[in-house]
1. Need the list of lysines near residue 81 for cross-linking: C-alpha distance under 19 angstrom, and skip anything on the same chain fewer than eight residues off.
2. Round to the nearest 0.05 the FRET efficiency obtained for residue 54 and residue 27 when R0 = 41 Å and r is the Cβ-Cβ distance.
3. Out of 67, 37, 16, any idea which swings most in a Gaussian network model of the chain, alpha carbons joined below 10 Å?
4. For 2, 63, what ranking results if the residue with the fewest other Cβ atoms within 10 Å of its Cβ goes first?
5. What is the local net charge at residue 14, summed over the other residues whose Cβ is closer than 13 Å to its Cβ (Lys, Arg +1; Asp, Glu -1)?
6. Which one, 19, 45, 83, is farthest towards the positive end of the dipole of the chain when Lys and Arg carry +1 and Asp and Glu -1 on their Cβ?
7. Can you tell me what the convex hull of the Cα atoms of the chain projects to on average, as an area in nm²?
Amino acid sequence: MEKLYLQYHANPSYNLIYACFGIHFDDIAIKFDADYLRLFSPQSLPIYVNPRNDKIQAFYHHEPEYLTRAQFLDLLRKNSKSIVL
């Protein structure tokens, strides 16, 4: 968490992007859904910091929640145990 915070804080153009692919299991076969691809930044998610492992997490189905960089950093700083400034 601390490294993520420091990257976002130190570099105004830094942006982490997650890619989620749709997959289906059919017995032992794995099939990819060519029509399902979601790209997003943790800064645009309703996230929370898991107190057990200090990692950011989000729900699977959610509407985007656009935070400014300052709001995102504040959320991380207030809820993380590993960010010591």
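Bear in mind that the values in this text are calculations on the coordinates, not laboratory data. Bear in mind that the values here come from a model prediction, so they are computed numbers and not experimental data. We place every Cβ from the backbone using ideal geometry, glycine too, and count neighbours over all the protein chains shown.
1. By straight Cα distance, residue 81 reaches 3, 55.
2. With a Förster radius of 41 Å, E is 0.65.
3. Most flexible of the set in this elastic network: 37.
4. Fewest-to-most ranking of 2, 63: 63, 2.
5. Charge balance near residue 14 sits at +2.
6. Farthest along the dipole direction, towards plus: 83.
7. The Cα convex hull of the chain, projected and averaged over all directions, gives 7.2 nm².
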